[in-house]
Every structure is written in structure tokens, then in C-alpha cells.
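Undergrad: Sharing a structure with you now.
The values are calculated or read from the model by the stated rules, or taken from the named source; none is laboratory data. In this text the structure is predicted, and so the values were computed from the model without any measurement. Cβ atoms come from the backbone with ideal geometry, glycine included; neighbour counts cover every protein chain shown. Heads up: the accessible areas ignore ligands, DNA and RNA and are worked out on the full protein's heavy atoms, side chains in. Shrake-Rupley method; radii C 1.70, N 1.55, O 1.52, S 1.80 Å.
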Amino acid sequence: MTHDHDLVLRPTDAQRAAALAAPPGRTGGDLVVETLRGLGATTVFGLPGQHALGLFDAVGRSDLRLVTLRVENNAGFAADAYGRLTGEAVPLLLSTGPGALTALPALAEAAAASSPVLAISSQVPTAGLGGGRRGHLHELRDQTASFRDVVKSVHSARTPSQIPSAVAAAWESALTAPHGPVWVEIPEDVLRAETFIPQVTGMDATPHELAPRPELTALAAHWLEHAERPAILAGGGVIRSDAAGKLKQLAERLDAPVATTFGGKGAFPWKHPLSLQSWLEDRHTTDFLEDADVLLVVGSGLGELSSNYHTFRPRGRVVQIEADLGKLESNHTALGIHADARLALQALLETVAERRDPAAAERVRTVLSAVKARLAGQGLDLEQGLLASIRSALPARSPSFWDMTILAYWAWSAFDPRHPNTMHSAQGAGGLGYAFPAALGACLAEPGTPVLAVSGDGGAMYSLAELATARQHDLDVTWLVVDDGGYGILREYMADAFDGRTAGTELTRPDFAALAESFGVPAVTTTPDALRADLEKALAASGPSVVVLPAKLRMFAPTHV
């Protein structure tokens, strides 16, 4: 009798030959590279540092495409965007101590946005581990502890033979729903050590599928098909699981109106008769979702921004599909279905009966008309006109990346992305400096496609060094910088909250156009009236470009206070 535990994978003739023919002089760094190549990596981001030189030497001798940015955090943002667009795990190579720590905000954004970044960091030599405090350069008491609460999982290799398994386990973790950043740590001497271990050829890190429990989807289907006023709120999980098509099928089968969160923009067609779009900071939308007798929430934890700053109070039944177990029922009692959005929506499609509601589209039009009427009395033609100009200039399938700036806050609610997975922002963790380096990652993920980044002048100052990266790699990125002389949204928040007083929000800034041109990047200073034409010209040209728009913008009035 043969038992499962007796079965082993026998090496093929090719694998035996490769083991015997392994070239001399290979190191722990080569084991990292060979594992990454075996798992399917083609592009890596990062910055070299003293302890990581053995890894970078191995990458330089390989066929991996190495993209080095000027700041570790920006390299993390670029890797994040590459992962969002491709759905692949993306290696981010970092050095010890300050180099690693500088990437923390980017890894926090990747965690909030469920982006599969595979951070691989060097460490001090093994003799300095364990809190011995030997005084190595870049030494931390416990480097891993700095990342454990940010990333999805932590992995370490303390000998060369541990490297392939540690990297493969991290890769699998990053790509298992919910996707997320992971951390691998390898000491300098292990990366540099010569190894007789054969070339890595047999890697398998297939992510686990997170399927829904059938009794839960059966009950959800029963509730939805018998609801009088069903509605759907689609979050970023729909985008990440490539489930927009299934969402559309389910909404049309149920005649259920659909709103999307800011992270879920593009999950449902903007101009579909059932589309409530993404006006989640408007009380009319909040009221509509509260009034649903069955609300299906897919791929969202109903956090602050998705719940109109926690003012959303559902009165009917809630069904929540969420891959992140920690977010399931974290804000509202629901029929919680712990599952990947695509698999759960497919299960509902296989179960739910057709439901017709001739009045659904009219109810959607009523909400959108009310939203439009509320905005009309606030004197915000400039802001709406700028978004319209950007939408007209940007090719339909071009990705756009938005920093934490007033125009981006408008875009969360008002911008039509036209296609899934084409609009991205830093609203997951909310840090500045995301848009431009993320756009560079997108250029590398989708070569030949023009990419737009939108920043305020404050956020742009975080990323100026990457103009050199854009020029060095001749990337097709256009960077729109809205220059209002400070941290505009913070200025507005402070003025509203503290009787007009502001502190620390006014900024001295450079001549952005002249600065861009000093990097060899064409730049133009535009006006609201000329914005569309200037963006069209910049996006049509090959290579990087900068468009500077001096303008002070305002937000629409909030409805949560």
C-alpha cells in the first residue's frame, strides 16, 4: 500500500544534470535570484546598500530587470503600482537599517491596498544578530520587529540553504488572498557566502484560493433575490480579484444599484443605469445605501472613507464578502463571508435567481441628480472643469495615480476611471508622495501606455528625485503638479476647524517647470483653460513630461458633520 506521505517528487533528468553542472562561485545572492526567477519574477525594484551588495551583484549578473529609484520609499511605491497592475508579486530589494526603514510608509500603503510587494532586506552579519549590539553599521536591536506590524508575514533565512524556502513562502503569502506586502530578511554574510547548493529549479509557491462556504452564499442569495431594495457597495477587493465582470452580471441579474468605494473605482461601469458612481462623501448616497433592505458589500471593510466617516448606519441586512478576516464585521454586523471576491461572486451567480425591478434605474437617477444639485450651489466649476479636462485628455485605458491632494479628493468621488484597475491613489494609508513613483512602476508594468500622475506641490516635493529615474529609463509618464503654495487640504481642514487659523501649511517651493527641465524632462506651466490641450500634448509625447498648474482649489462641503 502507498500512503500520501510516501510520495516524493523525483528529480527529472534535466534537474539532475543542472545540479551536477551548477557553476562555481555562486552565492546566497544567486540563490535569491534563482528562486525569484523560478517563481516568475522578471522585474525588481530597490536601492543598493552596503549589506545588500551581494544580492545586487547577483541581480546584476542575471536577466532580471533591475529598476533603482533614488529613495527607498519611492521604490516601494513603484513596486506597489507594478503589483496592482500586473497582479504579480513584485520584489523590492532593500538594505539594512535606514534603507529598510525608509520604505516603511510604502509598505504600509501596500498593506492597506493589498498590493503583493515582496520586500527582501539585508541584515547585519549573523554574528551581530540576537540583540548582541556588536556595533555594526545600520544595526537595529530587532529589525524584523519594525516591520512585523506592517506587513502580512515575516520570513528569514540564516543560512544559504534556507533562502529558497523562505523566499517561496513569502511569495505564496503575498499572493494568497488578501494580497499584501511580505518581508524577507537575509544577513550580509549569507548573501555573500559561496554555496555548493545546486541551481534552484523546482520552485512552486502556488497561492491558496479562499473559497466561500456554500451555506453562507446560499443564504446570501436567498436574501438578495427576495429583497425589495437590494444594493451593492463594491470595494477594492473586486478590482484586486479581477471580478468586475462578475459584479456587473450579478447587479444586472438582481437589478441592484451599485456604488463603488474610492479603492473600488472602476469595479462597475460609471455610466451604467444602475451605477451610483462613487459619491460616498455625499449624504444622498449614504441615505440610499442605508435604506437598502439587503446591502451586499464586496471587498470592503466599510472603513472611514467608505462609510462617509463612520456616519453610515445600515437599517437592513448586510452581507459582507471580505478576504481580510480582520475586516469582516469590523464595523457593522453582517452575514460575513470570508472569501475572495471573485470566488464569492461566482458562487452567488450560480445560486441567485433573477430579480426584476423596473424602478431601480430611476432611483439611481434621482440620487445622482440630488448630488449634482447639491454641488451646483457651491461655486465649484473650476474643480469640476479640471477633472473634466483631465478625463478628456487621458486615454481611456491609461492608468492614473493620485497623491493626497485636493484634486485627488475630488477624483475619488467624481472621476470616471472608464476601466477597472486604471485609477489608483494613496488613500489606503494616506501618505504623501505616492503618485509619481507609483506612476513610474506602472510605466514599467505597461510599457507603451502613457501614464498620468497627479500631485500637489507639497506631495511633489517628496518625489522630485525620481525625475532622474523617469529620465534615466525614458518612461512614458506625465506628471501634473497642482501648485497652490502649500498643503492645500490641510490648510482647508485647519481653517475650518480653528476659526481660520493655519499653521505649517504654507510652503516655499521651487519653479517646478524649470526644475524638471534641469533633469532633461520637458515641462510647461499651464492654466485651467489650457490644461486639456497641454495634457494631451504631454501624454502623446514619448518619455517623461511635467505639467504645472498654479491653482488654489476648494473641496465640496462635507455631509458627515
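Undergrad: Which pairs do you get when a residue that is within 20 Å of residue 179 (Cβ to Cβ) and open to solvent by less than 10 Å² (accessible area, probe 1.4 Å), found in region 110-126, comes within reach of a residue that is polar (S, T, N, Q) and part of a strand (DSSP E or B), reach meaning Cβ atoms under 7 angstrom, with the pair 6+ apart or on two chains?
TA: Close Cβ pairs (under 7 Å, with a partner that is polar (S, T, N, Q) and part of a strand (DSSP E or B)) do not exist here.
Undergrad: Can residue 401 be described as at pLDDT below 95 and open to solvent by less than 30 Å² (accessible area, probe 1.4 Å)?
TA: no
Undergrad: Filter region 282-307 down to residues that are of a type outside the set (A, V, I, L, M, F, W, C) and crowded, with 24+ Cβ neighbours inside 10 Å and give me whichever is modelled with the lowest pLDDT.
TA: Per the criteria, the residue is 306.
Undergrad: Search region 337-388 for residues being of a type in the set (Lys, Arg) and in a helix (DSSP H, G or I), and hand back the single one that is farthest from residue 551 (Cα to Cα).
TA: 342
Undergrad: Any idea how many residues of region 529-555 are in contact with a Ser or Thr (Cβ under 8 Å, 6 or more places away or on another chain) and open to solvent by less than 50 Å² (accessible area, probe 1.4 Å)?
TA: Of the residues in region 529-555, 11 are in contact with a Ser or Thr (Cβ under 8 Å, 6 or more places away or on another chain) and open to solvent by less than 50 Å² (accessible area, probe 1.4 Å).
Undergrad: While we're on this one: Can you name the number of the only condition in (1) open to solvent by 30 Å² or more (accessible area, probe 1.4 Å); (2) small (Gly, Ala, Ser); (3) part of a loop (DSSP other than H, G, I, E, B) that residue 245 fails?
TA: The single condition residue 245 does not satisfy is (3).
Undergrad: Okay, next question. Restricting to region 62-103, count the residues that are among the β-branched types (Val, Ile, Thr) and open to solvent by less than 10 Å² (accessible area, probe 1.4 Å).
TA: Adding up the residues that qualify gives 3.
Undergrad: Moving on. Residue 492 passes all but one of (1) under 27 Å from residue 76 (Cβ atoms); (2) within 27 Å of the chain's Cα centre (by Cα); (3) at pLDDT below 95; which number fails?
TA: Just one mismatch for residue 492, condition (1).
Quick grid of which residues meet (1) closer than 22 Å to residue 61 by Cβ; (2) in contact with a Lys or Arg (Cβ under 9 Å, 6 or more places away or on another chain):
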residue: 177; (1), (2): no, yes
residue: 180; (1), (2): no, yes
residue: 186; (1), (2): yes, yes
residue: 191; (1), (2): yes, no
residue: 202; (1), (2): yes, no
residue: 207; (1), (2): no, no
residue: 215; (1), (2): no, no
residue: 219; (1), (2): no, no
residue: 229; (1), (2): no, yes
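Conditions tested, residue by residue: (1) farther than 21 Å from residue 526 by Cβ; (2) without any contact (Cβ under 8 Å) to a residue 40 or more places away in the chain; (3) open to solvent by 20 Å² or more (accessible area, probe 1.4 Å).
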{"residue": "467", "(1), (2), (3)": "no, no, no"}
{"residue": "470", "(1), (2), (3)": "no, no, no"}
{"residue": "478", "(1), (2), (3)": "no, no, no"}
{"residue": "485", "(1), (2), (3)": "no, no, no"}
{"residue": "488", "(1), (2), (3)": "no, no, no"}
{"residue": "492", "(1), (2), (3)": "yes, no, yes"}
{"residue": "500", "(1), (2), (3)": "yes, yes, yes"}
{"residue": "505", "(1), (2), (3)": "yes, yes, no"}
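Undergrad: If I filter region 326-336 down to residues being modelled with pLDDT under 95 and not in a loop (DSSP other than H, G, I, E, B), which single residue comes out as surrounded by the most Cβ atoms within 10 Å (Cβ to Cβ)?
TA: Only one residue tops the list, namely 327.
Undergrad: Are there any pairs with C-beta distances below 6 angstrom linking a residue in region 332-349 that is farther than 13 Å from residue 211 by Cβ to a residue that is among the polar types (S, T, N, Q) and open to solvent by less than 20 Å² (accessible area, probe 1.4 Å), with the two at least 6 apart or on different chains, and if so which?
TA: If the second residue must be among the polar types (S, T, N, Q) and open to solvent by less than 20 Å² (accessible area, probe 1.4 Å), the pairs left are 334/320; 336/320.
Undergrad: Let me ask something else about it. On the basis of being more than 30 Å from residue 112 (Cβ to Cβ), buried (at least 18 other Cβ atoms within 10 Å of the Cβ) and in contact with an Asp or Glu (Cβ under 7 Å, 6 or more places away or on another chain), does residue 190 make the cut?
TA: no
Undergrad: Among the residues of region 153-170, is any touching a residue at least 40 places away in the same chain (Cβ under 8 Å) and either open to solvent by 40 Å² or more (accessible area, probe 1.4 Å) or aromatic (Phe, Trp, Tyr) (or both)?
TA: no
Undergrad: Using the structure shown, decide if residue 80 is assigned to a helix (DSSP H, G or I) and of a type in the set (D, E, K, R).
TA: When the stated conditions are applied, residue 80 passes them.
Undergrad: Here's something else I'd like to know. Just to be sure, is residue 49 modelled with pLDDT under 95, on the phi > 0 side of the Ramachandran plot and open to solvent by less than 30 Å² (accessible area, probe 1.4 Å)?
TA: So residue 49 fails the test.
Undergrad: Open to solvent by 10 Å² or more (accessible area, probe 1.4 Å) and more than 11 Å from the chain's Cα centre (by Cα): which single residue out of 420, 437 fits that description?
TA: Sole residue among the options that is open to solvent by 10 Å² or more (accessible area, probe 1.4 Å) and more than 11 Å from the chain's Cα centre (by Cα): 420.
Undergrad: For region 253-269, check the following and say yes or no: at least one residue is assigned to a loop (DSSP other than H, G, I, E, B), acidic (Asp, Glu) and open to solvent by less than 60 Å² (accessible area, probe 1.4 Å).
TA: So far as region 253-269 goes, yes, one or more of its residues are assigned to a loop (DSSP other than H, G, I, E, B), acidic (Asp, Glu) and open to solvent by less than 60 Å² (accessible area, probe 1.4 Å).
Undergrad: Within the bounds of region 512-523, is there any residue that is closer than 25 Å to residue 71 by Cα, open to solvent by less than 10 Å² (accessible area, probe 1.4 Å) and at pLDDT below 95?
TA: No, region 512-523 contains no residue that is closer than 25 Å to residue 71 by Cα, open to solvent by less than 10 Å² (accessible area, probe 1.4 Å) and at pLDDT below 95.
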